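The values are calculated or read from the model by the stated rules, or taken from the named source; none is laboratory data. These figures come from a predicted structure and were not determined experimentally. Note that each Cβ is placed from the backbone with ideal geometry, even for glycine, and that neighbours are counted across all protein chains shown. Calculation scope for accessible area: heavy atoms of the full protein, side chains included, ligands and nucleic acids excluded. Shrake-Rupley method; radii C 1.70, N 1.55, O 1.52, S 1.80 Å.
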Amino acid sequence: MTDPVLKHALDHQPQLIEALKTLVACPSVGADPAMSQGMEDARQIVEGRLDAMEFQRLQRLTPADGTGQPAIYGERMDAPGKPTMLVYAHYDVQPPDPLEKWDTPPFEPVERDGRLFGRGISDDKGPMMIALETLAAFVAVEGKLPINVKLLIEGEEETGSPSLPGILETHRELLDADAVLSADGARWRPDLVALNVGSRGNAGFEIRVQTASQDLHSGRYGGIVANPLHVLSGLISSLHDDTGHIAAPVFYEGVAEPTNAERAEIAEIPYDEESSFEVIDAKPHGETGYSTLERLWMRPTVDVNGMWGGYTGAGSKTVIPNEAFAKLTMRLVPGQDPETAKQAVIQHLKSQLPDYASMDVYGDRGQGGAYAVPEDHPLLQAAVSALEQTTGQTPLKVRIGASLPLTEIVSRILGLDTVMFSFALSDENFHAPNEFFRLSSITDGLAAWVQIMRQIEAIDRQAFSAFRRT
Ligand SMILES: [Zn+2]
């Protein structure tokens, strides 16, 4: 027997799709000041919908100084004594460029072959509409929500969430909840029922190596002064030992070796290594003693993203440059403090620097920690049950190699854990031309969201308190 709330939600899919198209037609590109009207239009559509669903305390949230793109807030505290979820999504989208690579205009959503195309449709407007219309179905059928819901719909996700820490700090009490349920953060693969349970952090900086005050003629100075490009290459190659391990022991402070159980769990994940490397015409390479997925999810990295210096124009120039540059970034795993890890790499480079060269460190890239939701967190268990009930399969717990600032920021400032429950799929061209969202994900997503609401309703609120860090 179908849950009457789900039946209502499924019956109203045509309306959901129309509303989604209207929202996608707003060019809410936060990065582009020329698109500010698109941002405002998107806000008004979302606010209008929340108002119609009789969400309370509707307001726009900014940090205390009032700057940045506001987040939209609304709540329905319908279920005294039941858990309160902070439900997250974002209304801003990536810029559509390069426009000429789109088969149809990015802000004129169209349906083709079971897919809806448009900028932001998969990241994150489609997944957001699934969450909102699930809540709407509960209100329509039962007159209220089975749990308490506070909605936080951010407007700066695609520009790195610069105001999010300030918003959380300024509105700490308003946003207080038992856990965060995110409608953002894509599913891994269309062929696999999976939940993202962790992501890597990041940090970065630039260096400049100098060996003289000016460029020098290689006839007059070759062989008698150091070449900074040679020095820089030596520094970079000293970062890893022969096994691919990073040669700065302090960098690994706090990093836990994967347990046998974790290794077994990862080994069970169906993953076709050969074909995933074939697509990029590359061969697996990395730290000795770890599988590809272990390297990607459980091990930290340091990478050089660019190195430059000297003469790179046409023909030759007999110059010994006086300076050389490199950009470095790292991916971090749970347990690592970004600042400690970054300083460990800087100290290592300094320790390797010969006395005939000097080095400046600058250009802080911004940093965030890694995040992993605790194995036994009640919201994670609710998500597992919801997917089991709606797909008939136990979801595989996967991590992602990339960084999700939201999870770490919310953990650090509000002391809350986040479960990613998006129905976007990672092959849907988000951040690229021809972004799309599968219509089947709407059906799957509505079923899973109705079910996770029921699952959360059944959790004793006390079960969350052991996990709260504030
Ligand atoms: Zn997103």
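Some values worked out for this structure:
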{"read-out": "Strands (runs of 3 or more DSSP E) fully within segment 354-450 counting 1 or more residues that are modelled with pLDDT of 95 or more and either under 30 Å from ARG208 (Cα atoms) or not assigned by TED's automatic domain parsing to the domain that holds MET330 (or both)", "value": "358-362, 418-420, 436-438"}
{"read-out": "Extreme residue, farthest from the ligand (Cβ to nearest atom), among residues of segment 429-462 that are among the charged types (D, E, K, R) and surrounded by fewer than 24 Cβ atoms within 10 Å (Cβ to Cβ)", "value": "ASP460"}
{"read-out": "Filter result (open to solvent by less than 50 Å² (accessible area, probe 1.4 Å) and more than 19 Å from ILE167 (Cα to Cα)) within segment 69-83", "value": "ARG76, ASP78, ALA79, PRO83"}
{"read-out": "Scan of segment 338-387 for residues that are surrounded by fewer than 16 Cβ atoms within 10 Å (Cβ to Cβ), closer than 15 Å to GLY204 by Cβ and out of contact with any strand residue (DSSP E or B) (no Cβ under 7 Å at 6 or more places or on another chain), ordered by number", "value": "GLU339, THR340, GLY366"}
{"read-out": "Residue match in segment 203-212 (condition: touching a residue at least 60 places away in the same chain (Cβ under 8 Å), open to solvent by less than 30 Å² (accessible area, probe 1.4 Å), out of contact with any Asp or Glu (no Cβ under 9 Å at 6 or more places or on another chain) and not assigned by TED's automatic domain parsing to the domain that holds PHE430)", "value": "no"}
{"read-out": "Unmet criterion (only one of (1) more than 16 Å from the ligand (Cβ to nearest atom); (2) outside any strand (DSSP E or B); (3) among the hydrophobic types (A, V, I, L, M, F, W, C)) for LEU86", "value": "(2)"}
{"read-out": "Residue within segment 218-227 that is exposed (fewer than 11 other Cβ atoms within 10 Å of the Cβ), more than 28 Å from the chain's Cα centre (by Cα) and in contact (Cβ under 8 Å) with a residue 24 or more places away in the chain present", "value": "yes"}
{"read-out": "Hey, ASP97 part of a loop (DSSP other than H, G, I, E, B) and not basic (Lys, Arg) or not", "value": "yes"}
{"read-out": "Residue identified as farther than 27 Å from LEU116 by Cα, among the aliphatic types (A, V, I, L, M) and touching a helix residue (DSSP H, G or I) at 6+ places or on another chain (Cβ under 9 Å) among MET85, MET77", "value": "MET85"}
{"read-out": "Flag for ILE236 being aliphatic (A, V, I, L, M) and without any contact (Cβ under 8 Å) to a residue 40 or more places away in the chain", "value": "no"}
{"read-out": "Some residue of segment 286-295 being of a type in the set (Lys, Arg), under 23 Å from the mean Cα position of the chain (by Cα) and farther than 20 Å from SER358 by Cβ", "value": "yes"}
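One line per residue, one yes/no per condition, for (1) touching a residue at least 40 places away in the same chain (Cβ under 8 Å); (2) within 16 Å of the ligand (Cβ to nearest atom); (3) closer than 17 Å to GLU408 by Cβ:
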residue: GLU173; (1), (2), (3): no, no, no
residue: ASP178; (1), (2), (3): yes, no, no
residue: ALA183; (1), (2), (3): yes, yes, no
residue: ARG189; (1), (2), (3): yes, no, no
residue: LEU216; (1), (2), (3): yes, no, no
